[in-house]
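Visitor: Below are the structure tokens for one structure; questions will follow.
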Amino acid sequence: MSHVVVGFTVMVALMIAVPVLLAWIGGRRKLRVGRTGGVMVLRMPRGHHAVLAALAILPFGAFTVLALSVAWAPSSGSGRFVLAGFTGLLGTLLGGWLLLLEARGCLRIDDAGFERVGALSRRRSAWGDVAKVTFNPVSNWFYMTLAGGGRVYVTEAHDGIASFAELALQRLPPKVLADCPDAAQALREVAES
């Protein structure tokens, strides 16, 4: 019975702590960022992806420990190692990817274009490569659809969102802004904030 109470208490604490931590981290967001060497670096506020990584690692870690500690039927003893290995690997991969995003993930923008730096990849594009810009008013984020079909997302939670909006209004092709009036208006509003 005490294991149930401890497990329930930990689960409730996590359900309360995670949104509070994410809100606190988001509250430190900077609307504008300066240039270093002509480049502005937009990223999620420090700690955002680390909290998400903990949220991924902890449950998978708990399942791994549970799989190893529970008494299995004699004929299925190797099942514990298969389940523990599977859940441990999933937690490690997902948590590791989020921790790499914490360390590396950003959007580097300059007058010539932008570079999305992910956990394991980089993609450089010119402003002229943008075929369409879209604004999602429900979640308050923009995405730029590239001529090759890829997308680059910029959320309101990024440090430097106003700096991005100012530069995007200056550098995006005029036809793209004319074809996407809702997004252009949203960019103007964000740039003025």
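The values are calculated or read from the model by the stated rules, or taken from the named source; none is laboratory data. As the structure is a prediction and not an experimental result, all values here were calculated from the model. FYI the Cβ positions are ideal-geometry reconstructions off the backbone, even for glycines, and counts take in every protein chain you see. What goes into the accessible areas is simple: the full protein's heavy atoms, side chains included, and nothing from ligands, DNA or RNA. Shrake-Rupley method; radii C 1.70, N 1.55, O 1.52, S 1.80 Å.
Visitor: Would you confirm whether any residue within region 167-189 is polar (S, T, N, Q), open to solvent by 60 Å² or more (accessible area, probe 1.4 Å) and more than 23 Å from ARG35 (Cα to Cα)?
Guide: Yes; the residues of region 167-189 include at least one that is polar (S, T, N, Q), open to solvent by 60 Å² or more (accessible area, probe 1.4 Å) and more than 23 Å from ARG35 (Cα to Cα).
Visitor: Assess whether ARG124 counts as being among the charged types (D, E, K, R), in contact with an Asp or Glu (Cβ under 8 Å, 6 or more places away or on another chain) and open to solvent by 70 Å² or more (accessible area, probe 1.4 Å).
Guide: So ARG124 fits the description; yes.
Visitor: Looking at region 108-140 only, could you name the residues that are over 17 Å from LEU172 (Cα atoms) and either free of Cβ contacts under 8 Å to residues at least 24 places away in the same chain or touching a Pro at 6+ places or on another chain (Cβ under 8 Å) (or both)?
Guide: The answer is VAL117, GLY118, ALA119, LEU120, SER121, ARG122, ASN136, VAL138, SER139, ASN140.
Visitor: Quickly run through region 11-47 and pick out the residues that are assigned to a helix (DSSP H, G or I) and either open to solvent by 80 Å² or more (accessible area, probe 1.4 Å) or touching a residue at least 24 places away in the same chain (Cβ under 8 Å) (or both).
Guide: Correct list: MET11, LEU14, MET15, ILE16, VAL18, VAL20, LEU21, LEU22, TRP24, ILE25, GLY26.
Visitor: Identify the single condition in (1) at pLDDT below 85; (2) touching a helix residue (DSSP H, G or I) at 6+ places or on another chain (Cβ under 7 Å) that GLY95 does not satisfy, given that it satisfies every other one.
Guide: (1)
Visitor: Of a type in the set (Gly, Ala, Ser) and at pLDDT 85 or above: does that describe SER125?
Guide: Criteria met by SER125.
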